[in-house]
Each structure stands twice: as structure tokens, then as C-alpha cells.
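Trainee: Pasting a structure below so you can have a look.
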Amino acid sequence: MISTLLVANRGEIACRVFRTCRAAGIRTVAVHSDPDEQALHVRESDAAVRLPGATPAETYLRGDLIVKAAVAAGADAVHPGYGFLSENADFARAVRDAGLIWVGPPPEAIEAMASKTRAKELMGVEPLTEVTEDDLPVLVKAAAGGGGRGMRVVRELAQLEAELNMARAEAASAFGDGEVFVEPYVEGGRHVEVQVLADAHGTVWVLGTRDCSLQRRHQKVIEEAPAPGLSPQLTEELYAAARRATAAVGYRGAGTVEFLVAGGRAHFLEMNTRLQVEHPVTEAVFGVDLVALQLRVAEGGALDPEPPAPHGHAVEARLYAEDPAHAWAPQTGTLHRLRVPGVRLDSGYGDGDRIGVHYDPMLAKAVAHAPTRAEAVRALAGALERAAVHGPVTNRDLLVRSLRHEEFTGGRMDTGFYDRHLAALTAVVPDPHAPLAAALADAARGGSRFGGWRNLPSAPQTRRYAVGGAETEVHYRHTRTGPAADGVRVVHADAGLVVLEVEGVRRKFTVARYGDQVHVNATALTALPRFADPAAQRAPGSLLAPMPGTVVRVADGLAVGSAVAAGQPLLWLEAMKMEHRITAPVAGTLRALHAEPGRQVEVGALLAVVQEDQEP
């Protein structure tokens with residue numbers, strides 16, 4: 001029996017595993033990098049061990065140090081979570097060789113399925129070995145790992161070599177393995193997967209399907225169970241293929257077999273030999289705790305002959321600190337408050353935690369379960385709309401709009417959903433009354449007296465805010481009966497709550513302020529000084545970091561004084577194990593270069609300045 005468990009991971013999944021351990025009476029051990037010393041998963045563990053590393057991103061990849069930490073802390077089992085070393089057969093062997101219980105499949109099964117090329121061979125699928133114009137478009141994928149890293153769609157043959165090189169670099173950085181392969185890219189397909197669970201006694205559970213078609217950069221955003229709209233025949237084909245993959249490698253534990261479904265046919269993608277990020281939707285539908293079942297199987301216990309019967313529908317949305325309207329750029333800063341009412345919330349952050357540059361920007365997973373799909377989707381959209389997410393820019397509004405989009409509500413989505421609809425879904429539609437509510441709350445917070453007798457009418461009060469990329473100015477007045485503004489009646493105003501009556505309808509605005517950042521219901525604003533500071537303006541042609549990350553390289557021969565062409569790549573940033581090109585906005589001359597390989601930058605950091613050529 002497991003008495004003490006070390007989780008070889010961080011963030012949300014570590015907290016998730018600890019929750020099951022606490023319920024089972026199992027002691028917990030966390031590991032952490034230096035930036036994660038005060039992270040939530042460390043705070044929630046019974047014991048914690050610091051892992052030294054060359055860089056914070058590499059820390060959780062040091063299997064040798066993690067095994068030593070487990071032994072030193074008195075752990076008798078290791079759970080890998082997902083990502084990092086979760087599908088590393090050598091790490092699984094090292095855990096076992098140290099006399100510890102490995103909460104995962106046998107190393108041999110991991111090895112067989114960890115390479116996507118080997119997995120496809122087992123399933124009778126051959127990758128492309130030579131690409132021609134007739135094969136386009138194609139998909140370049142990393143043979144190891146997942147999460148969209150090392151994955152690129154190629155539509156022109158001339159781009160293939162460059163994209164292969166970029167994919168190899170991303171794969172090597174993310175997984176320590178630069179092997180990539182090429183397969184046909186299926187347009188308009190749905191990403192459907194099957195959850196399996198197997199014990200050492202010959203029992204295999206197939207726990208339904210999940211649809212994970214809403215993706216950005218090949219990473220899942222919204223998932224649901226069961227996958228809607230599949231015919232009984234196709235569902236049985238998916239189940240049979242999942243059982244075949246499980247049997248082919250003598251699998252034990254929790255795993256997922258993934259497919260691309262198009263034209264009524266299923267195309268095998270890969271088998272993930274670990275727990276999936278989206279496992280809560282399966283837990284909700286089947287009424288099980290997959291982590292508890294992983295522990296049972298790892299201890300040698302047997303599953304019941306048949307899995308529980310499914311009930312209802314579940315939908316999960318991943319809440320990211322990122323800006324979907326600007327190339328999904330990850331965001332950093334303090335998460336002041338996170339509340340999503342009425343649904344399950346799995347998170348690796350607490351109020352006041354810092355979101356840094358080193359790891360995936362997922363803040364939390366929100367999960368709704370209801371008797372029908374329509375009810376679950378509605379519940380999740382409503383919960384996210386009412387959520388308090390105070391801090392950096394997030395994808396919350398995108399999630400709400402996606403869940404309410406007719407393609408999604410009608411079950412007609414595919415993996416190209418955001419390619420078609422991103423611009424419309426990220427169009428800024430701020431609440432027109434949010435700036436006034438912010439101004440009234442700020443005035444109350446500052447001690448302004450809204451009531452009281454005056455001999456003369458008061459002069460209008462003015463406050464300025466930035467919201468949705470634009471500046472706005474609001475005016476209100478002090479009167480005998482309280483604050484007043486044109487077109488609305490101010491019913492109530494204090495530092496945290498403003499009530500306005502607009503055309504006979506009362507509306508409530510909850511207001512929270514952190515420095516110059518103001519959150520009014522779901523609208524985020526920035527309080528601006530009354531007069532703009534000319535010294536704060538950037539020089540024309542300034543290239544600012546669109547996301548937090550690390551400068552990995554600068555274009556060969558680039559130096560101050562170099563002539564550059566419009567669109568010419570100048571430098572590359574790495575964020576979340578993916579490379580992003582920073583290009584010249586215009587043709588001109590490089591007048592400043594503040595980037596060098598290895599430099600870590602925050603959003604908005606000045607990287608370079610390009611002076612535009614003047615026409616003669």
C-alpha cells in the first residue's frame with residue numbers, strides 16, 4: 001500500500017493528485033524549482049524538496065534528482081502527472097529501480113507508444129517518407145511529447161525544410177528529442193479521444209469518448225464528454241481501436257487513445273501513456289476518481305469487471321493567462337483573485353500568486369456537469385461570465401463566446417474553429433458603463449463625499465481609463481443627493497459596488513482595484529493619469545516583446561546600423577517551449593538592439609528600434 005506519494009510535477013496537476021491523496025490518507029511530497037518555492041502545489045503538500053536546475057524550465061526534467069528527492073523524503077511511490085517526465089520510460093525505470101512504486105504504465109508500454117512513429121506502426125499506420133505537392137497540406141509533428149510543441153502545418157513545399165528545422169528545435173527544447181515526422185493534414189477534422197484504464201489482472205475499462213476539437217496552436221482549449229454526434233458504429237470502431245492499442249503494449253493504468261475524425265472515418269493519431277489534462281470530464285460523466293483508480297492499479301489492485309455506467313454530459317474549459325487577440329501571447333503578472341462559481345475548478349494558483357515566464361500559462365480548468373449537453377454548456381458559459389479573474393489578460397471572454405457560438409452549441413465544431421472565428425470572437429466589446437462605475441468606485445475609495453449641501457453646482461469630475469485598447473474619459477458631478485452622471489441614475493456607489501439605473505433597469509457592478517488595474521464585473525480597465533506623460537511615449541519603430549519569454553537567437557549579422565526589409569525576421573523569442581519570430585515592421589535601418597540570446601523579457605520590453613526609410 002502507498003503511504004507517501006511524491007508528484008514529479010507542478011501546478012494544477014500536482015494539486016489535483018494531492019487532493020485525492022488527502023482523501024485517501026496518503027502523505028504528499030512536492031518538488032519545486034526556485035521560482036516555484038511558494039507555489040500552491042508546494043503550499044498544499046506535506047513535504048517539499050527543492051530541485052536545482054540549470055534553468056527553471058529544465059528543473060522538472062531532472063529525473064535523477066526527483067528520484068533522490070523521493071528517497072530522501074521517505075516516499076514509496078511517484079506519480080508523474082502530465083507533461084515533463086510523464087511519458088519518459090527511462091524515468092519510470094529509474095523510479096522502479098529505486099524500489100519505489102511507479103503510478104503509471106510499464107516502461108515498455110511507454111516506450112512503445114512514446115514515439116508517435118512507433119505507435120503508428122503498431123496500429124498499422126505509415127507516416128509520409130517523401131512529400132510531394134500532391135501530399136499538401138501536411139503536418140510536421142514531434143515523435144516524442146505533445147501539447148502542440150514541435151507541430152506545424154505546411155501548405156507550401158518550399159516551406160517544408162524551414163518548418164522541419166523549427167519543429168526539430170522546439171521538440172528538442174520541450175522533450176529532449178528532436179525527432180519529427182510528417183503525416184497528411186486532415187482539414188475540417190474533429191479531435192476525438194477514448195479514455196482507457198487497465199489493471200494487471202486482464203481487465204480493461206473503456207470510459208467513453210471526449211471531443212477536444214477546439215484548439216489553439218494544436219493545444220486543447222475546450223473539451224467535453226461524451227463526444228457529440230458520433231454514430232453508434234463509429235463509436236464502436238473507436239472503442240475497438242482503443243482496446244487494440246491497449247492490448248498491443250500490455251498496458252496498465254490510465255491512458256488515452258487519440259483520433260482525428262473526418263468524413264465518418266477515424267484516423268489514429270497517438271496513444272498518450274498518462275493522465276490527460278481533460279480527465280475531469282470523464283470523471284464527471286462516469287462518477288469516478290481516475291487518480292484514485294491509478295493508485296489502486298499501481299498497488300496491484302483489481303478493477304471491477306465492468307466500469308460504472310455514464311450519466312449526463314460534462315464540458316471543460318482551460319483558462320489561460322494569454323491574449324488570444326494578439327497571437328495567443330502568454331501573459332505574466334499577479335493573479336489577484338480567481339473565483340468561478342458553481343462549477344468544479346482545478347487550479348495551481350491561489351490569490352496573490354505570481355504568473356511567471358517559465359511554465360505553461362494555464363491558470364485553471366473549469367468543469368460543468370449536467371444531464372444534457374446543452375445544460376452543461378450553458379452552465380459553464382454562465383459560470384465563466386460571472387467569474388472574478390483579476391490580474392493579467394486571460395482568454396475568459398473567448399471561452400464564453402466560444403461556448404455560445406452556434407457551431408459549438410450545434411456540435412458542428414472542428415479543429416479549424418479558431419482559424420475561422422478568432423477575429424470575431426476576440427472583437428473587443430467593453431461594457432459602456434464600466435468606466436463610470438470604475439470612476440465612482442475610485443472616488444468613493446479616495447474618500448470623496450458624494451452627498452452634502454452646496455451653494456453652487458459642483459464642477460464635473462473627470463477620470464481617464466484604458467479599456468479594450470482605447471482610452472475613454474468619464475465625467476460625473478457631486479450633487480445634493482449624491483453623484484450624478486448624464487444618462488444614468490446613480491443608485492449606490494462605494495469602493496466595491498456601484499449600482500446604476502439605465503433606462504429604468506438597475507445594474508450592479510462589482511469593482512476591484514489593484515494599483516492602476518481596475519476590474520468591473522468582467523471588464524478590465526487601466527486607470528490613466530489625468531494628463532498623458534509625453535516622456536512615456538516610445539520612439540516610432542519600437543519593437544516590443546509581445547509576450548514574456550527568452551531571446552533564443554538574433555538574426556545572423558544583425559547589428560545597429562543594419563538595413564532591414566519589411567517582414568524580415570530579426571530575432572526569436574521562446575515562450576512555452578515554442579519559438580516566435582519578431583520581424584521588422586517596415587523597411588529601414590536598425591537604430592537600436594536590446595536583445596541578446598539568453599535574455600528573459602516581460603511583455604512590453606523594448607527589443608529593437610527600426611527607423612523607417614523615408615521616400616525621396
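Trainee: What's the number of the condition P548 fails, among (1) at pLDDT below 90; (2) touching a Gly at 6+ places or on another chain (Cβ under 9 Å); (3) exposed (fewer than 15 other Cβ atoms within 10 Å of the Cβ); (4) not acidic (D, E)?
Mentor: Only one criterion is unmet by P548, namely (3).
Trainee: Also: Condition first: farther than 17 Å from E283 by Cβ, among the aromatic types (F, W, Y) and over 22 Å from the mean Cα position of the chain (by Cα). Now tell me which residues in the stretch 166-217 satisfy that.
Mentor: If the condition is that a residue be farther than 17 Å from E283 by Cβ, among the aromatic types (F, W, Y) and over 22 Å from the mean Cα position of the chain (by Cα), then F181, Y185 are the ones that fit.
Here's the yes/no breakdown for (1) within 23 Å of R22 (Cβ to Cβ); (2) assigned to a loop (DSSP other than H, G, I, E, B); (3) among the aliphatic types (A, V, I, L, M):
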| position | (1), (2), (3) |
| --- | --- |
| S45 | yes, yes, no |
| V49 | yes, no, yes |
| P52 | no, yes, no |
| A57 | no, no, yes |
| L61 | no, yes, yes |
| V67 | no, no, yes |
| A72 | yes, no, yes |
| V78 | yes, no, yes |
| F84 | yes, yes, no |
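Trainee: Among all residue pairs at least 6 apart or on different chains, which show Cβ distances below 8 Å where the first residue, located in the stretch 326-346, is assigned by TED's automatic domain parsing to the domain that holds N395 and buried (at least 19 other Cβ atoms within 10 Å of the Cβ) and the second is of a type in the set (K, R) and in a loop (DSSP other than H, G, I, E, B)?
Mentor: These pairs meet every condition: W328/R217.
Trainee: What are the pairs, 6+ residues apart or on separate chains, where a residue within the stretch 485-509 that is surrounded by 16 or more Cβ atoms within 10 Å (Cβ to Cβ) has its Cβ under 6 Å from a residue that is of a type in the set (S, T, N, Q) and modelled with pLDDT of 95 or more?
Mentor: From the stretch 485-509, the pairs are F509/N521.
Rundown of residues vs (1) touching a helix residue (DSSP H, G or I) at 6+ places or on another chain (Cβ under 8 Å); (2) within 18 Å of A92 (Cα to Cα); (3) not hydroxyl-bearing (S, T, Y), yes/no style:
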{"site": "T4", "(1), (2), (3)": "yes, yes, no"}
{"site": "P35", "(1), (2), (3)": "yes, no, yes"}
{"site": "H41", "(1), (2), (3)": "yes, no, yes"}
{"site": "D64", "(1), (2), (3)": "yes, yes, yes"}
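Trainee: List every residue pair whose Cβ atoms lie under 7 Å apart, where the two residues are 6 or more positions apart in sequence or sit on different chains, the first residue falls within the stretch 223-234 and is small (G, A, S), and the second residue, located anywhere, is part of a loop (DSSP other than H, G, I, E, B).
Mentor: G229/G411
Trainee: Could you say which residue among K116, K68 is among the basic types (K, R) and modelled with pLDDT under 90? Show your work before the answer.
Mentor: On the way: K68 fails: modelled with pLDDT under 90.
When all the criteria are applied, what remains is K116.
Trainee: If you don't mind, another one. If S542 passes every condition in (1) closer than 30 Å to A142 by Cα; (2) in contact (Cβ under 8 Å) with a residue 60 or more places away in the chain; (3) of a type outside the set (K, R) but one, which one does it miss?
Mentor: (1)
Trainee: Quick one: how many residues across the stretch 351-383 are over 15 Å from the mean Cα position of the chain (by Cα), under 29 Å from F286 (Cα atoms) and either touching a residue at least 40 places away in the same chain (Cβ under 8 Å) or surrounded by fewer than 20 Cβ atoms within 10 Å (Cβ to Cβ) (or both)?
Mentor: Filtering the stretch 351-383 down to residues over 15 Å from the mean Cα position of the chain (by Cα) leaves 351-354, 368-383.
Narrowing further to those that are under 29 Å from F286 (Cα atoms): 368-383.
Next cut, either touching a residue at least 40 places away in the same chain (Cβ under 8 Å) or surrounded by fewer than 20 Cβ atoms within 10 Å (Cβ to Cβ) (or both) only: 368-380, 382-383.
Qualifying residue count for the region: 15.
Trainee: Determine if the stretch 265-286 includes at least one residue that is within 20 Å of G416 (Cβ to Cβ), aliphatic (A, V, I, L, M), touching a helix residue (DSSP H, G or I) at 6+ places or on another chain (Cβ under 6 Å) and surrounded by 17 or more Cβ atoms within 10 Å (Cβ to Cβ).
Mentor: Yes; the residues of the stretch 265-286 include at least one that is within 20 Å of G416 (Cβ to Cβ), aliphatic (A, V, I, L, M), touching a helix residue (DSSP H, G or I) at 6+ places or on another chain (Cβ under 6 Å) and surrounded by 17 or more Cβ atoms within 10 Å (Cβ to Cβ).
Trainee: To continue, here is another question. Which condition number does L139 fail, the rest of (1) out of contact with any Phe, Trp or Tyr (no Cβ under 8 Å at 6 or more places or on another chain); (2) surrounded by 16 or more Cβ atoms within 10 Å (Cβ to Cβ); (3) under 30 Å from Y185 (Cβ atoms); (4) at pLDDT below 95 being met?
Mentor: (1)
Trainee: Checking the condition more than 18 Å from T203 (Cβ to Cβ), among the hydrophobic types (A, V, I, L, M, F, W, C) and under 20 Å from the mean Cα position of the chain (by Cα), which residue from L275, L269, L260 passes?
Mentor: Values: L269 fails: under 20 Å from the mean Cα position of the chain (by Cα); L260 fails: under 20 Å from the mean Cα position of the chain (by Cα).
After applying the criteria, what remains is L275.
Trainee: Specify which of the listed residues (V103, V125) is in contact (Cβ under 8 Å) with a residue 60 or more places away in the chain and surrounded by fewer than 19 Cβ atoms within 10 Å (Cβ to Cβ). Let's see the steps before the verdict.
Mentor: Values: V103 fails: surrounded by fewer than 19 Cβ atoms within 10 Å (Cβ to Cβ).
Answer to the selection: V125.
Trainee: Going residue by residue through the stretch 144-157, is there one that turns out to be assigned to a loop (DSSP other than H, G, I, E, B), over 28 Å from the mean Cα position of the chain (by Cα) and of a type in the set (A, V, I, L, M, F, W, C)? Quick ask: steps written out before the conclusion?
Mentor: Start the filter on the stretch 144-157 by keeping residues that are assigned to a loop (DSSP other than H, G, I, E, B), which leaves 144-151, 155-156.
Right, trim to over 28 Å from the mean Cα position of the chain (by Cα) and you get 156.
Checking which are of a type in the set (A, V, I, L, M, F, W, C) leaves us with none.
Looking for residues that are assigned to a loop (DSSP other than H, G, I, E, B), over 28 Å from the mean Cα position of the chain (by Cα) and of a type in the set (A, V, I, L, M, F, W, C), one finds none in the stretch 144-157, hence no.
Trainee: When you scan the stretch 313-321, do you find a residue that is out of contact with any Ser or Thr (no Cβ under 9 Å at 6 or more places or on another chain), under 30 Å from T203 (Cα atoms) and of a type outside the set (S, T, Y), even just one? Even if it seems obvious, please write down each step before you answer.
Mentor: Taking the stretch 313-321 and keeping what is out of contact with any Ser or Thr (no Cβ under 9 Å at 6 or more places or on another chain), we get 315-316, 318.
Checking the rest, the ones that are also under 30 Å from T203 (Cα atoms) come to 315-316.
Adding the requirement that they be of a type outside the set (S, T, Y) leaves 315-316.
Yes: one or more hits.
The values are calculated or read from the model by the stated rules, or taken from the named source; none is laboratory data. Please read all numbers here as calculations on a predicted model, not as lab measurements. Note: ideal-geometry Cβ built from the backbone for every residue, glycine included; neighbour counts use all protein chains shown.
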